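Engineer: Got a structure for you, written out below as structure tokens; questions coming shortly.
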Amino acid sequence: MKDAGIEVAKAAIKIAMSTRGEEVELIKEFKKQNILGAGVDIGGDLVASIPKIIERAVVASRRSGVTKECFVHDGAVAGATREAIIQVSSKTIGLNIGGKIGIARCKGHLTVCIFLSVGLLHLDEVVVGIGHRSISDN
């Protein structure tokens, strides 16, 4: 694999931007490249939903086998998710959001991408945030 960190980031972005049907196929393709992936839908008021969004990312990564149920892995997912939220929060405060989280991991690289549509009447904005953490297999 070229640069694992870049490839994992690309995978997380693609998963976050995909539909549910596309997601299944993408995850299968990424697995052939030793990249594990997961996706989870999110929506509502971003600021009020931050704890729930982080929780959903952690649960999705565990259920899909991207991470193990342990303090270090949970913290890595939570931290990367929080970083991605910080990047999109200035454009979403007070507005409704709908979108998806993409999570990808290969070896020591873990990336979380948040891809959102921000609604205001019929004027929709699109925002993307991404966070990276290093984790071990232990």
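Engineer: Between region 65-129 and region 18-56, what is the C-alpha centre distance in whole Å?
Structural biologist: 9 Å
Engineer: Give Lys52/Lys107; Lys14/Lys68; Lys14/Lys52; Lys31/Lys52; Lys2/Lys31 a once-over and call out the pairs whose C-alpha atoms are over 18 Å from each other.
Structural biologist: Lys52/Lys107; Lys14/Lys68; Lys14/Lys52; Lys31/Lys52
Engineer: Moving on to the next point. Ordering Phe71, Phe30 from largest to smallest accessible area (1.4 angstrom probe), what's the sequence?
Structural biologist: My answer, sorted largest first, is Phe71, Phe30.
Engineer: Quick one: angle between helix 20-32 and the longest Cα principal axis of the chain, in degrees between 0 and 90, rounded to 10, please.
Structural biologist: With rounding to tens, the tilt is 20 degrees.
Engineer: Once phi is turned into θ = phi - 60°, what whole-Hz ³J(HN,Hα) does the Karplus curve with 6.51, -1.76 and 1.60 give for every residue of region 56-69, x standing for Gly and Pro?
Structural biologist: Whole-Hz 3J(HN,Hα) from phi for region 56-69: 5, 5, 5, 5, 5, 5, 5, 4, 8, x, 5, 10, 8, 7.
Engineer: Using only the alpha-carbon atoms, how far is helix 71-89 inclined from the longest principal axis of the chain? Give it as 0 to 90 degrees, nearest 10.
Structural biologist: 30 degrees
Engineer: With axes computed from alpha carbons, what is the tilt in degrees of helix 4-17 against the longest principal axis of the chain, rounded to the nearest 10 within 0 to 90?
Structural biologist: 40 degrees
Engineer: Nearest 500 deg cm²/dmol is fine: what mean residue ellipticity at 222 nm does the chain get from its DSSP H runs of n ≥ 4 alone, each adding -39,500 (n - 2.57), divided by its residue count?
Structural biologist: Details: 4 runs with 64 residues, N = 138.
Estimated from H runs of four or more residues: -15500 deg cm²/dmol.
Engineer: I've got another one for you. Please state the charge dipole magnitude for region 28-98, taken about the Cα centre, from unit charges on C-beta atoms (+1 on K and R, -1 on D and E), reported in debye and rounded to the nearest 20.
Structural biologist: Dipole of region 28-98, to the nearest 20 debye: 260 debye.
Engineer: Now a separate question. At a probe radius of 1.4 Å, what is the per-residue accessible area of Glu23, in Å² to the nearest 10?
Structural biologist: Estimated to the nearest 10 Å², Glu23 gives 20 Å².
Engineer: Taking the Cα centre of the chain as origin, sum charge times position over the Cβ atoms of Lys and Arg (+1) and Asp and Glu (-1), and report the length of that vector in debye to the nearest 20.
Structural biologist: 360 debye
Engineer: Still on this structure, I have one more. Keeping all protein chains in the complex and leaving out DNA, RNA and ligands, what accessible area do you get for Lys28 with a 1.4 Å probe, in Å² to the nearest 10?
Structural biologist: 110 Å²
The values are calculated or read from the model by the stated rules, or taken from the named source; none is laboratory data. Because the structure is a prediction, the values reported are computed rather than measured. Counting neighbours? That spans all protein chains shown, and the Cβs are built from the backbone with ideal geometry, glycine included. Each accessible area value is taken on the protein alone, full model and side chains, heavy atoms only, with ligands, DNA and RNA left out. Shrake-Rupley method; radii C 1.70, N 1.55, O 1.52, S 1.80 Å.
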